[in-house]
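Step one of this worksheet: look at the structure below.
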Amino acid sequence: MEALNDFLARRGIYTLVMILFFLGIYGMVLSKNYMKKLMAMNVMQVAVIFFYLCFAQKEGGMIPILVPGDVNPLDYINPLPHALMLTAIVVSMGTTGVALALLMRIKENYGSIEEPDVLRRASK
């Protein structure tokens, strides 16, 4: 039992990230509703962002602000992954906004956001 607790304390977060990522893939592949597909895509994006943020952490690391007297660069975490993931969050929100606008247009033109209905009406 102690080994399981140790594993979950050290690597359990990666298990959660994998579950979220594959849940997103599952939702995108099997869902027939475009809104559900969009939500599944967002879950996948969050999983990838979460993975990079967790991967960038270092045990005993400090935030990258210079502390007087401590100039060893190995004591600080790398701020680059955090900055890149902040950019990824902004891009994700932009992508979601454009996708929602497209879903509104699909609903106006075809009367539904269910994939079979849209494909059937688009082929007429």
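The values are calculated or read from the model by the stated rules, or taken from the named source; none is laboratory data. Predicted, not measured: the structure shown is a model, and the values here were computed from it. Every residue, glycine among them, receives a Cβ derived from its backbone with ideal geometry; neighbour counts consider all protein chains shown. Just the protein is used for accessible areas: all its heavy atoms, side chains included, with ligands, DNA and RNA removed. Shrake-Rupley method; radii C 1.70, N 1.55, O 1.52, S 1.80 Å.
Given the conditions (1) surrounded by 10 or more Cβ atoms within 10 Å (Cβ to Cβ); (2) in contact with a Pro (Cβ under 9 Å, 6 or more places away or on another chain), which single one is not true for Ile63?
(1)
Would you confirm, using the coordinates I've provided, whether Phe55 is touching a residue at least 24 places away in the same chain (Cβ under 8 Å), surrounded by fewer than 13 Cβ atoms within 10 Å (Cβ to Cβ) and not charged (D, E, K, R)?
yes
Every residue, every condition in (1) over 25 Å from Asn33 (Cβ atoms); (2) β-branched (Val, Ile, Thr); (3) in contact (Cβ under 8 Å) with a residue 12 or more places away in the chain; (4) outside any loop (DSSP other than H, G, I, E, B), yes or no:
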residue	(1), (2), (3), (4)
Ala83	yes, no, no, yes
Leu86	yes, no, no, yes
Thr96	no, yes, yes, yes
Ala99	no, no, yes, yes
Arg105	no, no, no, yes
Glu108	no, no, no, yes
Pro116	no, no, yes, yes
Arg121	no, no, no, yes
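Criterion first (free of Cβ contacts under 8 Å to residues at least 24 places away in the same chain, assigned to a helix (DSSP H, G or I) and buried (at least 16 other Cβ atoms within 10 Å of the Cβ)) does Gly12 satisfy it?
For Gly12, the condition - free of Cβ contacts under 8 Å to residues at least 24 places away in the same chain, assigned to a helix (DSSP H, G or I) and buried (at least 16 other Cβ atoms within 10 Å of the Cβ) - is not met.
Could you tell me whether Ile77 is among the β-branched types (Val, Ile, Thr) and open to solvent by 60 Å² or more (accessible area, probe 1.4 Å)?
No: the conditions fail for Ile77.
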